[in-house]
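One structure is given below, encoded as structure tokens.
The values are calculated or read from the model by the stated rules, or taken from the named source; none is laboratory data. What you are looking at is a predicted structure, and each value in this text was computed from that prediction instead of being measured. As a convention, Cβ positions derive from the backbone with ideal geometry for all residues, glycine included, and neighbour counts pool all protein chains shown. Note: accessible area is taken over every heavy atom of the protein model, side chains too, but ligands, DNA and RNA are not part of it. Shrake-Rupley method; radii C 1.70, N 1.55, O 1.52, S 1.80 Å.
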Amino acid sequence: MRKMMHWMLSAAIRPLVLTMVFCGASVFMACSSNDDNPAGQTDVSAISDKVWAYSQTHPDGFTLDIRTMTEPTEGIAVSYAATENSHSRDQLDMVVSHALQHEGYVGGWLNGENGLYYFDSTKLFPEDDLKGALQFGKENGQYSVFIGIDVAGEIAKRLGVGIQFVPTSWPTLTADVQAKPQTFDLAIGGITITDARRETMLMSDGYLANGKTILCRAAEADRYKSLADIDKSEVRVMVNPGGLNEKFANENLTHATVIVHPKNEEIPSLIAEGEADVMITEITEAPWYVQNDVRLAAPLLAAPFTHGEIGVLMSKGQDDLLALVNGVIAQMKADGTLRRLHEKYGLIYAYE
């Protein structure tokens, strides 16, 4: 659960704005301060208490310099993979500790779908260093974002328009898409196609499949060929608390031993070291874990346990634009472009 970055398409006849939802990055302009927390304070729990209190009054999202408890006035904040899926006060200490060892920035927002506050340790880039921000995001395994960037480029090229940036965020995405007057034409990058979104907005055909899968030790990859192979009493499944991975495990694994570990970023290494056998994750994230640790494997990437798709989001009334975007996606599937983009990032291609 991360925040985002943005794109805008501009055409010769009328502006066509494409907002790129860049999971792991956010653009910010506002500045606020709190002098109660002196710079240099390193009491992790005390800082976490202050960040938690701040989050309760800023549910739409924020980025804080936890050394001074002020929000930066501008920049692009990109999340570290090490603190991904950290939520609620119980996991905030880990995020704060990581931030103090790195740049000292923490981002947070309230996920309205499950009522949890999510937090990340973030790295701050100048607004004119988008290239650096994107590269850092790539190094942190945000492949669903990067294939979205490439799809955005293809849409722009095939529609004969250019790309420009405008700001938005996960918490304000729906409101921004529906805003009047319209500030952008479409959003792309990690946006799941859901019935709820289709009730109030338009969503394109999917260009990226997603779903639950597993990580296990490479030496035991042949052991797991189905969910039934995992749901056995001798199999230890490790998940982080309170999120969708734990929910999936509790609903589908009635025989396996489910182990809840508070620090999501530690689970892949614990699997590799034999502390558990399986980690529940996403098919868009598993390739990054495998790429970064040769001890791990993801044997069921091509057969995820759940099925979802990521598409392009736009406001109601843009049916002509929706038809154009769907046409580009169809072309990309037909001419092999979309397959090549999946192969570029080690993602599973599900559009045969």
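At-a-glance table
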| item | result |
| --- | --- |
| Top-ranked residue in the range 110-138 [being touching a strand residue (DSSP E or B) at 6+ places or on another chain (Cβ under 6 Å) and among the hydrophobic types (A, V, I, L, M, F, W, C); ranked as surrounded by the fewest Cβ atoms within 10 Å (Cβ to Cβ)] | 116 |
| Residue check, residue 242 in contact (Cβ under 8 Å) with a residue 40 or more places away in the chain, under 30 Å from residue 177 (Cα atoms) and in contact with a Ser or Thr (Cβ under 7 Å, 6 or more places away or on another chain) | yes |
| Unmet requirement for residue 197, which otherwise passes all of (1) in contact with a strand residue (DSSP E or B) (Cβ under 8 Å, 6 or more places away or on another chain); (2) at pLDDT 90 or above; (3) over 18 Å from residue 304 (Cα atoms); (4) open to solvent by 60 Å² or more (accessible area, probe 1.4 Å) | (4) |
| Filter result for residue 319 (in contact (Cβ under 8 Å) with a residue 40 or more places away in the chain and buried (at least 17 other Cβ atoms within 10 Å of the Cβ)) | no |
| Strands (runs of 3 or more DSSP E) contained in the range 259-352 and holding at least 1 residues within 23 Å of residue 241 (Cβ to Cβ) and out of contact with any Phe, Trp or Tyr (no Cβ under 8 Å at 6 or more places or on another chain) | 278-282, 308-310 |
| Residues satisfying the stated conditions in the range 204-241, i.e. part of a helix (DSSP H, G or I), of a type outside the set (Asp, Glu) and open to solvent by 10 Å² or more (accessible area, probe 1.4 Å) | 218, 219, 221, 223, 227, 228 |
| Cβ pairs under 8 Å, 6+ apart, first in the range 47-62 and within 19 Å of residue 114 (Cα to Cα), second in a helix (DSSP H, G or I) and of a type in the set (Ser, Thr, Tyr) | 62/54; 62/55 |
